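Report on one structure; see the data block that follows.
Each value in this text was obtained by applying a stated rule to the coordinates, not by laboratory testing. Everything quoted here is computed from the prediction, not taken from an experiment. Glycine gets a Cβ as well: all are built from the backbone with ideal geometry, and neighbour counts include every protein chain shown.
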Amino acid sequence: MATAKRIAMIVHGPEAVDTGLASEVIALASSIGKVRAAVGGTTAVAAVIDAGLERVIDIGSRELPSKAVVRVSKDADLVLLVNQGKDRDSSIAFGRLVMSKVTVTVPVVQIENDISILWAGRDQDLETVGPLLRGEVMDLRDDRPVVIEGGRVLSGVRPGENVWINGHVIGRAEGSKIIVRQAPDGSLIAEGVRTKPTGIERLGRFDLGTAIIRSGQVRRTRAEPRSLRSEGSTACLIDHCAEESLFRCQDAAYVVTVGDDTSKIASALLYRLGVPVIAITDGDEDGISFEELLYPGSYLFRLAPGNDDQVGAEIAREHFQEGHRIKVKMKIDDMAARVRAACGSKLLWERRF
């Protein structure tokens, strides 16, 4: 083809939005074709709302970047994977992981602030992408990822960073390379990690092939937070995988969150949806999010150490039928009173926002 008229763009990570990279690439790509942009993963959603780009970048569904690439490639002449990694190695590792799960017939180009990577496409089909390329240009169309038998490699890690799987911090990195495996009984084996037993226990059984494994913080860049308006009709419970709250709780009047990191991440994300939370915490925070945002009307309960899961389980049993969504039966103040009663003598203090 002479010109890529249908351009699909997958935006991964908040840094690609916060730095202005996503907007710049959309503007440049629009000069050579019609652009359809969407997030891949969940962490970019809050950044898209903060930037006021929710009508420009689709945030309506949760997809792994690899699945998003496959889906949009069916109706595109060019796929752009826009990301901003911690460093060159992590950027390459991210693209390599995505492309290891992808089979496409259209060009795929990864765009970062300081590097551009050609992952797929014929030479003649890539002739029009020149204006989009930034920094060092790497041609990795013949790249073959290193396969670790029965495991996954996490590259671009910085020693001392938290390592988390599906939202649960399982330990701290001891070096710059981590290998995650599963034992025959499904339990976790993490090489290069000083593990955290309580985090591994909360993780439980997981699918290594589809697990979201990351290191560091949820969002390395900052932006002025912005809220959408919400008039929800359900109450939700989030006791793990905090990032899912963006999609599971879009119709919530309020959300009960359990755990320090879960509450901190979920409350900041739900702030963007205009949803207050009732956070049940016990001071056991790992520090994977710097944002401290609770929408007006929220409650924060601090319990004595080691009690948040117990109280959360009682609330789930008594009010959510062991599930995570119910029709609103009481106002947030009434639910907060039930949580306060469940905390009992274990409650150290509470705060209303």
(request) With springs only between Cα atoms under 10 Å apart, run a GNM on the chain and tell me which of Gly287, Gly209, Gly171 wobbles the most. (result) Gly209
(request) Grab the DSSP H runs of the chain that are 4 residues or longer, score each as -39,500 (n - 2.57), total them, divide by all residues and round the 222 nm result to the nearest 500 deg cm²/dmol. (result) -7500 deg cm²/dmol
(request) With 21 Å as the limit, write out which pairs from Lys264/Lys327; Lys5/Lys74; Lys177/Lys264 have Cα-Cα distances beyond it, or answer none. (result) Lys264/Lys327; Lys177/Lys264
(message) List the Cys residues of the chain that have no partner Cys with a C-beta closer than 4.7 Å.
(response) Cys241, Cys343
(message) List residues of segment 328-353, by number, whose backbone nitrogen lies under 14 Å from a label position 7 Å along Cα→C-beta of Ala304.
(response) 343-349
(message) Under the rule a/c < 1.5 gives rounded, and otherwise a/b versus b/c splits prolate from oblate, where does segment 151-215 land using the Cα gyration tensor?
(response) prolate
(request) Answer rounded, prolate or oblate for segment 68-216, using the Cα gyration tensor with square roots of eigenvalues a ≥ b ≥ c: rounded when a/c is under 1.5, else prolate when a/b is larger than b/c, else oblate. (result) prolate
(request) Answer with a single label: of [x] 20.7; [y] 22.6; [z] 17.6, which was calculated as mean projected area of the Cα convex hull in nm² from the structure in view? (result) [z]
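Ordered by packing density, taken as the mean number of other Cβ atoms within 10 Å over each peptide's residues, highest first, how do 220-226, 262-268, 200-206 rank? Present the calculation step by step, with values, prior to reporting the outcome.
Working: 220-226: 12.7, 262-268: 27.3, 200-206: 15.1.
Descending packing order for the listed peptides: 262-268, 200-206, 220-226.
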(message) Applying a 10 Å radius around every beta-carbon, put 179-190, 291-302 in order of their mean neighbour count, most first.
(response) 291-302, 179-190
(request) Normalising by the residue count of segment 234-352, find the relative contact order in percent from Cα pairs under 8 Å and 6+ residues apart. (result) 26
(message) Which of the three applies to segment 234-352, rounded, prolate or oblate, going by the alpha-carbon gyration tensor with a ≥ b ≥ c and a/c under 1.5 meaning rounded?
(response) rounded
(request) Determine, from the Cβ-Cβ distance of Arg55 and Gln321 and an R0 of 41 Å, the FRET efficiency 1/(1 + (r/R0)^6), rounded to the nearest 0.05. (result) 0.65
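Give me the net charge for the shell around Glu350: Cβ to Cβ below 11 angstrom, other residues only, Lys and Arg +1, Asp and Glu -1.
+4
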